[in-house]
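Participant: The structure is given below, and queries will be raised subsequently.
The values are calculated or read from the model by the stated rules, or taken from the named source; none is laboratory data. All figures in this text were calculated on a predicted structure; none of them were measured in a lab. When we count neighbours, we look across all protein chains shown, and the Cβ atoms used for this are built from the backbone with ideal geometry, even at glycine. Accessible surface areas use protein heavy atoms only, side chains included; no ligands, DNA or RNA. Shrake-Rupley method; radii C 1.70, N 1.55, O 1.52, S 1.80 Å.
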Amino acid sequence: RAYHHDESDYDRQYNLDTFHLEQVSMEAQHILALCHDHGLPKSVPVLEIGCGTGRISVGLATHPDISRLLITDPSPVFCRIVQRKLQSSGVKANHVDFGVLLAEDVALLPAGSVSLIILRSVLHHILNVDEFLAACAKVLPSGGLLMCEEPYYEGYMMMGFLAQFIADLLAATGY
């Protein structure tokens, strides 16, 4: 599917063109602290689905608790933007890999291969959420976590309401 806007213009369009490494590192630290509070061990492989322009990606890449980080997006342009941000920030990212991947194709990854799957402003783009969640459950090991952060705008309130049923949906389908 084509993007609604030119990917190279997303940061400016959403007022994210001022990039602060300290701020994105702090955001990633808070996200991982929440995950650790819910049982995620340290030094785990992480999959980010839908990196966009890298607001979470760069912060995750700087965090010592991540042994391996696979940053993905269906847009090669977004992947290149994140790579440039890592390079320009001086982040040593030898534990980071990039892949062009649709969220719906997460099932292509090996079972149990990542301990955390993180999505920021992505879930509302997925056409078949049931299949996507089932595929994530297969990719995660027992005790793995799926973390979704969705925008809270008027049009997205229903997604927030529906998110409370994710655990029930997974249980009903055997995951």
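Participant: What is the ratio of the Cα radius of gyration of the chain to 2.2 N^0.38 Å, where N is its residue count, to two decimals?
Facilitator: Dividing the Cα Rg of the chain by 2.2 N^0.38 Å gives 1.00.
Participant: A follow-up question, please. For the range 17-62 and the range 64-112, what is the separation of their C-alpha centers, rounded to whole Å?
Facilitator: If we compute the Cα centre of each part, the gap is 12 Å.
Participant: Can you pull the percent of the chain's accessible area that's carbon plus sulfur, 1.4 Å probe, other chains left in place?
Facilitator: Looking at the chain in its full context, I get 56 percent from C and S.
Participant: Further question: Roughly how many nanometres apart are two label points built 7 Å out from the Cα toward the Cβ at HIS125 and SER142?
Facilitator: 3.4 nm
Participant: For MET147, MET26, write out the residues from largest to smallest accessible area, computed with a 1.4 angstrom probe and no ligands counted.
Facilitator: I get MET26, MET147, largest accessible area first.
Participant: Helix-only mean residue ellipticity at 222 nm, the chain, DSSP H runs n ≥ 4 weighted -39,500 (n - 2.57), per residue, nearest 500. What is it?
Facilitator: Value at 222 nm, helices only: -11000 deg cm²/dmol.
Participant: Which length gain, in nm to one decimal place, applies between ASP6 and ARG84 when the Cα-Cα distance is subtracted from 0.36 nm times their residue separation?
Facilitator: That pair, ASP6 and ARG84, stretches by 26.4 nm at full extension.
Participant: What FRET efficiency comes out for MET26 versus ASP97 if R0 is 25 angstrom and r is the Cβ-Cβ distance? Round to the nearest 0.05.
Facilitator: It comes to 0.55.
Participant: With a sphere of radius 14 Å drawn around the Cβ of CYS35, what net charge do the other residues whose Cβ falls strictly inside it have (Lys, Arg +1; Asp, Glu -1)?
Facilitator: It works out to a net charge of -3.
Participant: Next question, about the same structure. Per residue, how large is the accessible surface of the range 10-159? Use a 1.4 angstrom probe and give square angstrom.
Facilitator: For the range 10-159, the per-residue accessible area is 52 Å².
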